[in-house]
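The values are calculated or read from the model by the stated rules, or taken from the named source; none is laboratory data. Because the structure is a prediction, the values reported are computed rather than measured. Please note: Cβ atoms are built from the backbone with ideal geometry, for glycine as well, and neighbour counts cover all protein chains shown. For accessibility, only protein heavy atoms count, side chains too; no ligands or nucleic acids. Shrake-Rupley method; radii C 1.70, N 1.55, O 1.52, S 1.80 Å.
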Amino acid sequence: MALTLRSSTSFINLKDIKSLQTPDELSSTLCFAKIRPSCRLRAKNVMQEAELSLHKQLNMEGRKSEKREKLHELPKVHHGYNNDSRVPVFVMLPLDTITVAGNLNKPRAMNASLMALKSAGVEGVMVDAWWGLVEKDGPLKYNWEGYAELIQMVQRHGLKLQVVMSFHQCGGNVGDSCSIPLPPWVLEEISKNPDLVYTDRSGRRNAEYISLGCDTMPLLRGRTPIQIYSDYMRSFRDRFSEYLGEVVEEIQVGLGPCGELRYPSYPESNGTWRFPGIGEFQCYDKYMRASLEASAEVMEKKDWGRSGPHDSGQYNQFPEDTGFFQREGTWDSEYGRFFLEWYAGKLVEHGDRILASAKGIFHGTGAKLSGKVAGIHWHYRTRSHAAELTAGYYNTRNRDGYLPIAHMLAKHGVVLNFTCMEMRDREQPEHANCSPEGLVRQVKMATKTAGVELAGENALERYDTGSYAQILATSRSDSGNGLSAFTYLRLNKKLFDGENWRHLVEFVKSMSEGGRKRLPECDSSGSNLYVGFIKEKNEKKIKEAALV
């Protein structure tokens, strides 16, 4: 996620399913009645809507639209719906689907959950293949057994599977409900050489993900990080070759913290960052600093390579509190442009390296590849887009930061997966200058221009019809790309509550019909569903999964 709220509740409770004794009995006793949509969920007649839209367009001909100064404004082009616009829906499985011991967690509950999802018309599910679990016993020692059991179960239910190559740690981000560090042998190397991980200006280290500054250096027991990721993906391919392209439909390649192509600029652990802070640049490990110095020398500006910006502020400040990000700040100077081009360019190069390897490994298997980009929507309405800049997206009032990423993904035939599809501008706090809708429109147009598929996720845990209605609207190709798939966050017991379950079923049905059935926009206006509010209200304890 950019900011992904994950549930701490794993599955539905089997005790809630009376008379259930065995999986065989489950298949014969667990059924789901056909759900009649409530009045709130009844769709408007599509032909009437089309007629109304046509009359409005005719009445507006010849009138000049009012000019508005709005960032990355996109033309509103309306297209008719067609039967080919079906959007398959996947559901994310719990973070702890595989145990620390490498086994499938609560298999009977998982079996019941998959049966329910199949009955709802869901296309499939998504699971994290944690590096910290699979390769925890030592370099090149892989344990895929729990994932093998899951894949076979998914196949029996006639579902598809999206597998995330999760090279990051679980824990320390919004909603992380368990702790899965990087492999112990990797942590041992980090303790010897702390510069292996991202570092901020104060020297604070972040062991969430290996710094991209050492991508090509054999610092991890003779292998480079890129080689380690490649060996891991190759092991997965060889172990599950018979399922690739059939059951395993998609491989999402982990590219950074939370699996996203970004820097860990807004770490929540220990209260370091709070929404809607601007975050901090993560370029102070010795490998990143050496790269910056070399780039400055090429520009014959040696002083520019000594450090990152000195006036970029701290994690929880606002743009106008800093010399770098303020309206007429250093970000728009010759030095600022040099630094931001280098910082964002390193991130795109990192994605390019990993995806080039993944493309070679999975070529010919039938599985599609995807890469995730964070939905950093706060301070989007400002000139500098400070929170995006610290995360590595050089996106400002004057520059499109998502088009270079889209072009890089297109080069490898990789789907761009984007978050915050459920968010509306009016739900966000005014002081944060958010615009998730504007950000999504911009990314949709970037993917259309680059010729790359776009898939989506919701960033926060939502069950209301308003969020589903927003996703349905976003899934259409009214401006930029429509969605090729949508993955819902996340499977838990609350999802199966009566009203929540009915909303999901209706949503899946509407997506399967290309969004022709529109859900109402109620249950969303005036809500406080931004990440800070969610975190403040979350009183559930984080379970620690200590690796042995």
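Things worth noting here:
- Three-way shape label, segment 280-328, alpha-carbon gyration tensor, a/c 1.5: oblate
- Computed E for Met299/Lys493 - FRET, C-beta separation, R0 51 angstrom, nearest 0.05: 0.35
- Segment 80-236 - percent relative contact order, Cα under 8 Å, separation 6 or more: 19 percent
- 15 Å reach of a label modelled at Glu334, 7 Å along Cα-to-Cβ, counting backbone N of segment 376-414: none
- Inter-label distance for Asn500 and His407, nm, one decimal - labels placed 7 Å from Cα along Cα-to-Cβ: 4.4 nm
- Taking all protein chains together and rolling a 1.4 Å probe, Met115 ends up with roughly 30 Å² accessible.
- Relative contact order of segment 318-455, taken over Cα pairs closer than 8 Å and 6 or more residues apart, is 25 percent.
- Structure note, pairs Lys346/Lys372; Lys160/Lys368; Lys136/Lys160; Lys106/Lys372: Cα-Cα distances above 22 angstrom occur for Lys136/Lys160; Lys106/Lys372.
- Cα gyration tensor, segment 422-464 - rounded (a/c under 1.5), prolate or oblate: oblate
- One decimal place: the segment Arg274-Asn398 gains 41.9 nm when fully extended, by the rule 0.36 nm per residue minus the C-alpha distance.
- His363, His431, ranked by accessible area, largest first (probe 1.4 Å): His363, His431
- Three-way shape call for segment 250-381 based on the alpha-carbon gyration tensor, with the a/c threshold at 1.5: oblate
- With a cut-off of 14 Å between beta carbons, the residues surrounding Lys301 carry a summed charge of -3, where Lys and Arg count +1 and Asp and Glu -1.
- FRET E, pair Ser202, Glu430, Förster distance 41 Å, beta-carbon r, rounded to 0.05: 0.85
- Relative contact order of segment 225-337, defined on C-alpha pairs under 8 angstrom at six or more residues apart (%): 16 percent
- Applying 1/(1 + (r/R0)^6) with r as the Cβ-Cβ distance of Arg306 and His363 and R0 = 41 angstrom yields a FRET efficiency of 0.45.
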